[in-house]
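As structure tokens, the structure follows; a few thoughts come after it.
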Amino acid sequence: MRRLPFLLLASLMGGAQAAVPAPLTGIWQLTGSTASIRPLPAPPEGQLVIANEVHGKVGCGTFRGSINAAAGGLELQVTPDAPDPRARCLYALPGPFLEALNESTHYVISSDTKLLVLYSKKARFAFKRIGYVTPANKGGQR
């Protein structure tokens, strides 16, 4: 009988977004990408900022979305931001880079937390840490 409150609490919290592991939070510079199934065009300069959410840029385009990560597993859901109507930017549209990023299922981070690799069965992205961020506190709780 004592398990009922715990199970109820666990089921209620199941829908809450888990915090991103601290070593992942930061500003990451794309240093390389590889594809295993289809050619992945070499992206121009790219950056990924991970906190409670994820955003970044590739070439002249920017993107944002959600991240769930724990114990080496990863789920990203990013979409491109609306482009400036005056700009002509190939990377402002969904394309191979964002598709491959969304297919990432795992991550590995170096012991000094300066190198990050996101990977799936189809692609691998290597990043180098160039900065740190402090995740925003949602809901005004302290």
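Any read-out appearing in this document is the output of simple, stated calculations on the displayed coordinates, not a laboratory observation. What you see is a predicted model, and the numbers here were worked out from it, not measured in a lab.
Quick notes on this structure:
- In sequence order, calculated HN-Hα J values of segment 98-114 (Karplus, 6.51, -1.76, 1.60; Hz; x Gly/Pro): 5, 4, 5, 4, 5, 7, 4, 10, 9, 9, 9, 10, 5, 5, 8, 6, 9
- Cα radius of gyration and Dmax for segment 20-133 (Å): 13.3, 44
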